[in-house]
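Below you'll find the structure, written out as structure tokens, and then a few comments.
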2 protein chains.
Amino acid sequence: MDKIVYKAIGIIRSPFKEARGTPIQASAEGTASGRIELYPEYLPGLKDLDGFSHLILLYHFHKAGKGSLIVKPFLEDEEHGVFAVRAPSRPNSIGLSIVCLQRIEGNILYIDDLDILDGTPLLDIKPYVPAFDHRDNVKSGWLENNLDKLSITEDDGRFLKEEE
Amino acid sequence: MDKIVYKAIGIIRSPFKEARGTPIQASAEGTASGRIELYPEYLPGLKDLDGFSHLILLYHFHKAGKGSLIVKPFLEDEEHGVFAVRAPSRPNSIGLSIVCLQRIEGNILYIDDLDILDGTPLLDIKPYVPAFDHRDNVKSGWLENNLDKLSITEDDGRFLKEEE
């Protein structure tokens, strides 16, 4: 009853062919340009998207292992609950990145600031809107003292499926 | 092959018993307090989440109809592509809200700023982190000239499943 079934609406193409070495956030250094290949049947859904500079991408971490509810994240050598980290191995492995939209040509969206693995199945595109998505006076818990490591930290493959 | 199966990790409880009258964004007026009833098996995943003031909730719009790829959103009487609006009826009906975490008691999370229907299945909780999730110099497309209506606009049921 509690099963929820989605389907890929397209594929994300990026220079990151494997998890190791991929930036851990879209706001980190080392992100790259890439593209979304939206399946052609969804093309009408792009109408007026080109007026937005930034998009929220929701996607399926297809290479993530099942993982544990307690994890050691990339940015700190301490254990935290999986809901207090942004690691790809989660009960439902849904990824979220805010990327920069460069241009749209047909069903291809050219994107900057990608931190997503090549071949990742795309679930949804939403316009990023500061009036909806910005919050002030935010406390960032254990991350407060670890954000300085964002620029020097990259994926080391720790959340991969076991067969890889 | 492209089917992706998730499962609810809990249920969102709110005073909004039906779509009509529900706020259309967590940043709008008229939001309410409520709670997340996380299924007890996921309890360990909450470790250290209480250090964060804001959470990103991903959830399944369980009352949303299939909808069209071209929609008239709440904030404007013009048609836009579904990926250029935040409406609940989408190819994959995944909702995203940034809410305020008040406190956690066992597997119950007490939440402010809810814009979510009572009984909504929860898919994921992520910590909201400005260093990851804020962007500057953003263009908000067709929404730029319609954000002043956010405070006076609420759900009118247009994206409900047909049987309701």
Subset of the range A:1-43, residues facing another protein chain (nearest Cβ under 9 Å) and under 21 Å from residue A:129 (Cα atoms), comes to A:25, A:26, A:27, A:28
Looking only at the range B:54-111, how many residues end up being at positive phi and basic (Lys, Arg)? 0
Within the range A:44-65, restricting to residues that are in contact (Cβ under 8 Å) with a residue 24 or more places away in the chain and among the charged types (D, E, K, R), the one that is nearest to the other protein chains (Cβ to nearest Cβ) is A:50
Among the residues of the range A:107-129, count how many are closer than 15 Å to residue A:31 by Cβ and polar (S, T, N, Q). 1
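Taking the residues in the range B:1-29 that are in contact with a helix residue (DSSP H, G or I) (Cβ under 8 Å, 6 or more places away or on another chain) and not in a strand (DSSP E or B) as candidates, determine which candidate is nearest to residue B:58 (Cα to Cα).
Residue satisfying both the conditions and the ranking: B:9.
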Unmet requirement for residue B:134, which otherwise passes all of (1) within 11 Å of chain A (Cβ to nearest Cβ); (2) over 30 Å from residue A:85 (Cα atoms): (2)
Might you check whether a residue that is surrounded by fewer than 19 Cβ atoms within 10 Å (Cβ to Cβ) and basic (Lys, Arg) occurs anywhere in the range A:124-132? no
Residue in the range B:116-153 that is modelled with the highest pLDDT, counting only those that are assigned to a helix (DSSP H, G or I) and among the aliphatic types (A, V, I, L, M): B:143
When residue B:141 is evaluated against the numbered criteria (1) touching an Asp or Glu at 6+ places or on another chain (Cβ under 8 Å); (2) more than 7 Å from every other protein chain (Cβ to nearest Cβ); (3) within 18 Å of residue A:49 (Cα to Cα), which criterion, by number, is the only one it fails? (2)
Only one residue in B:153, B:120 is touching a His at 6+ places or on another chain (Cβ under 8 Å) and among the polar types (S, T, N, Q), so which one is that? B:120
By residue number, the members of the range B:87-115 that are modelled with pLDDT under 95 and outside any strand (DSSP E or B) are B:87, B:88, B:89, B:115
For the condition touching a residue at least 60 places away in the same chain (Cβ under 8 Å), more than 29 Å from residue A:45 (Cα to Cα) and of a type outside the set (A, V, I, L, M), what is the one hit in B:35, B:20? B:35
Report the residue count in the range B:102-116 for those that are crowded, with 23+ Cβ neighbours inside 10 Å and of a type in the set (A, V, I, L, M, F, W, C). 4
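To keep it simple, each residue is scored yes or no on (1) of a type in the set (A, V, I, L, M, F, W, C); (2) within 7 Å of chain A (Cβ to nearest Cβ).
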residue	(1), (2)
B:83	yes, yes
B:104	yes, no
B:120	no, no
B:127	no, yes
B:130	no, yes
B:145	no, no
B:155	no, no
B:160	yes, no
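The values are calculated or read from the model by the stated rules, or taken from the named source; none is laboratory data. None of these values were measured; they are calculated from a predicted model. Note: ideal-geometry Cβ built from the backbone for every residue, glycine included; neighbour counts use all protein chains shown.
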